[in-house]
Amino acid sequence: MTDLRSERPEAGGADLSRLVKAYDVRGIAGEELSVDVARALGAAFADFLEAPAVIVAHDMRVSSPELADAVIDGAVRRGAFVADAGLASTDQLYCASGLHRAAGVMVTASHNPPADNGLKLCLPGAAPISRDTGLDEIRRRAEAYLATGEIPTTGEGRVQVLDTLPDYAGTLHDLVTIPSERPLRLVVDAANAMAGHTAPAVLGRLDQLELLPLHFELDGTFPNHPADPLNRENLHDLQAAVVREGADLGLAFDGDADRCVVLDESGTLVPPSAITALIARREVARAQQTGQEHPVVVANLVSSRHVAETVAAAGGELVRSPVGHSLIKAIMAEHDAVFGGEHSAHYYFRDFFFADSGMLAALHVLAALAETDGPLSALVAEHDPYPSSGEINSRVEDAVAARERVRAHVRELPGASTDDLDGLTVVHWDEGAAPEDRWWFSLRSSNTEPLLRLNVEAQRESTMIRIRDEILAIAQDEDLAPAVSVWTTDGEDPAHDGDDAPVGDETGGVDGEGLSAEAGAARADGTDPVVEKTATEDPRRLPAGASGADVPAWVRSLLRCPDCGGELRDVDAALQCEGCARCHPVQDGIPVLIAGR
């Protein structure tokens, strides 16, 4: 019998409500998520399962092996048969859960700071679990164990070691075949995280690929940069390597390697919605070859309009989903969808147990590129036709009141339709209207903070800017307080630590999206290698001048280069990137920021 009282959390006693979120568990390792708490949660999960067979894996964080051992110990004490999978990516754990029809526990905090850790749980077959479908019950059982200070032993629990990597690699290779006629060079930035474990097994085995590793050494202190590829600051090393090596593309993975961000041959970021459209077309075609007439694809409601257009043109059916990875998994299962994509670079596959896999998405991109003769930039150009704002997080005194002010305003607009699937979505995109009159936006609020999240897309850049500024002004009640523009999120706050939420957001998880508050990717001497070299050595750097950009100062401060994410400086009639030195013209006072131009 294990005595839990020695490490019982002092703050709040046996109250785990701040630790166990809507879809998973996350907190500071050793404080909020102690060894005893992990042991109690392992025991409670075993009690919850009808057939207590559990696969437990962990990432490379310093605290992960100890926490994984505690989860295993708790489950075994409650009679569970536990397979200790050791080091694994989250999608590697999902694959094992699907193949073995066993529940799973992944010890990881994905991209979060080194001191954090968490648990991602799944039911047999990689089925998702949430507060409503079991996490709340598991929390209460764990609290009871902590309150009594012991976990009674029952049954004949046991543990054995399970190597899941070969089956994981084999499963992915069976799902996607990359043509061998065209050799490809790719740089993979593992950020010292789990892609350094999985990429050699999956990508390194393919003769047609030349894998150029970057930061593959597993190190839970993240010595080079945070394992958060949604923060553009963390892409500098990969961008430089792609250009330096003359690679065909670059891939960046997050901490537990379930999310993948793609760069083209010039180091330019490919929007996740473009990747969603590219893979959706491939998966729809594959399903049709098996006789499925109108395969379903699921995309969250802030994905580009082009995703729906691509799915329809391919003969599929698009189903919109609220933001959140557990929600999209459930909707995919409900509709038997072949594929699902989020603007946060999560990609889900029916044939991968409806689970998300960044590595499987990467294989689809590589296969699509190998089937062509041109560069990746040409392949994805058709999938990024509309200017978008990215997600803008704006603080307001009352998020609900602000959203209702916007709703009242759009009621007066002829031709605008609204829905409330997740916040407020307004569409004004009549195909008979002039191009400058085609736009849509989504306005969502945080569950715990006075934050509004605005995404705007339009057929014309000038229209997108006009609608963006108009909605922000109404939301702020004409007071244009500073807003924070983030690249792409299914999350909440720039200082995120959840899959769908900011720090402290009850709806979140350990695997968040959005732009981190901390910059990352800086060198030990405090300099940014890309910006510093450009500023001192790049002969393309133009003299400072009057750009003529006629935008509010707070908007100007948020503008970034669409090609590399670098800061922009004013030169004559244009804005020049401090990083890649590309110039973006200013026309009639409006900066024209179009990637690849």
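The values are calculated or read from the model by the stated rules, or taken from the named source; none is laboratory data. Worth saying up front: this structure is predicted, and the values here are computed from it rather than measured. Quick reminder, even Gly has a Cβ in these numbers, built from the backbone with ideal geometry, and neighbours come from all protein chains shown. These accessible areas exclude ligands, DNA and RNA; they are computed on the full protein's heavy atoms, side chains included. Shrake-Rupley method; radii C 1.70, N 1.55, O 1.52, S 1.80 Å.
Observations on the structure shown:
- Residue match in the stretch 421-432 (condition: under 22 Å from Ile328 (Cβ atoms), surrounded by fewer than 20 Cβ atoms within 10 Å (Cβ to Cβ) and among the polar types (S, T, N, Q)): yes
- The residue of the stretch 395-416 that is farthest from Leu472 (Cα to Cα), among those that are of a type in the set (Val, Ile, Thr) and surrounded by 12 or more Cβ atoms within 10 Å (Cβ to Cβ), is Val410.
- The criterion of at least 2 residues that are outside the structural domain of Leu209 (by the TED database) is met by the following helices (runs of 4 or more DSSP H) wholly inside the stretch 305-413: 399-411.
- For Arg556, the criteria (1) surrounded by 15 or more Cβ atoms within 10 Å (Cβ to Cβ); (2) of a type outside the set (A, V, I, L, M); (3) at pLDDT 70 or above; (4) part of a loop (DSSP other than H, G, I, E, B) hold in every case but one, which is (4).
Conditions (1) assigned to a helix (DSSP H, G or I); (2) within 18 Å of Met194 (Cβ to Cβ); (3) open to solvent by 10 Å² or more (accessible area, probe 1.4 Å), marked per residue:
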site	(1), (2), (3)
Ala57	no, yes, no
Ala68	yes, yes, no
Val76	yes, no, yes
Gly86	no, yes, yes
Gln92	yes, yes, no
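- Count of residues meeting criterion [surrounded by fewer than 18 Cβ atoms within 10 Å (Cβ to Cβ) and under 24 Å from Arg182 (Cβ atoms)] in the stretch 327-383: 10
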